[in-house]
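The values are calculated or read from the model by the stated rules, or taken from the named source; none is laboratory data. If you're wondering where the values come from, they're calculated on a predicted model, not measured in any experiment. Methodologically, a virtual Cβ is constructed for each residue, glycine included, from the backbone with ideal geometry; neighbour enumeration extends over all protein chains shown. We work out accessible area using only protein heavy atoms, side chains counted, and drop any ligands, DNA or RNA first. Shrake-Rupley method; radii C 1.70, N 1.55, O 1.52, S 1.80 Å.
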Amino acid sequence: QVHLVESGGGLVQAGGSLRLSCAASGSIFSIKPMAWYRQAPGKQRELVATISSIGSTNYVDSVKGRFTISRDTAKNTVYLQMSSLKPEDTAVYYCYIRWGGVDYWGQGTQVTVSS
């Protein structure tokens, strides 16, 4: 069983920054890729960023240059540093990992960016 717990969301003005954290249970954390997704009201869930077990990263075009995904293996935690936030970044952000053929999601953390 894998448990993912996100934190760090909140309300911020456009141009501001937030850092999301996702604490993962289990020793699988260090050997599996992880990802952040987001879902805005009325829209499909969208892949935002991924990080491999060796630290390679990928981002959706809309956040490139503004968001940074990273991981701390010692703390079993993955982060999403978000800067220059825009109102269109408003969404519930979810941490994700696939393990043993099963998709695991955190409970989500709300990010609201006011204009």
*asked:* Taking 0.36 nm per residue of sequence separation and subtracting the Cα-Cα distance, how much length would be gained by fully extending the chain between Lys43 and Ser84, in nm to one decimal?
replied: 12.6 nm
*Quote the FRET efficiency, to the nearest 0.05, computed for Asp103 versus Val60 with a Förster distance R0 of 22 Å and r equal to the Cβ-Cβ distance.*
0.75
*Heavy-atom accessible area per residue, the chain, 1.4 Å probe: how many Å²?*
52 Å²
*Quick one: which residues, 5 or more positions from Val48 or on another chain, have an amide H under 5 Å from its amide H? H modelled 1.01 Å from N in the peptide plane, none for Pro or chain starts.*
Trp36, Tyr37, Arg38
*Check the straight Cα-Cα distances from Lys32 and name the lysines below 24 Å, setting aside those fewer than 8 residues away within the same chain.*
Lys64, Lys75
*Can you list, largest first and rounded to whole Å, the semi-axes you get for segment 43-93 by taking the square root of 5 times each eigenvalue of its Cα gyration tensor?*
21, 11, 11
*asked:* Between Arg19 and Lys75, how high is the FRET efficiency from 1/(1 + (r/R0)^6) when r is the Cβ-Cβ distance and R₀ = 22 Å? Nearest 0.05.
replied: 0.95
_Quick check: at a probe of 1.4 Å, how many percent of the accessible area of the chain sits on carbon and sulfur atoms?_
49 percent
*List the pair-distance distribution P(r) of the chain, using every Cα-Cα distance, as the percent of pairs falling in each 5 Å bin from 0 up to the bin containing the longest distance, rounded to whole percents.*
2, 13, 24, 26, 19, 10, 5, 1, 0
*asked:* Could you work out the percent of alpha carbon pairs in segment 3-42 separated by over 14 Å, rounded to a whole number?
replied: 61 percent
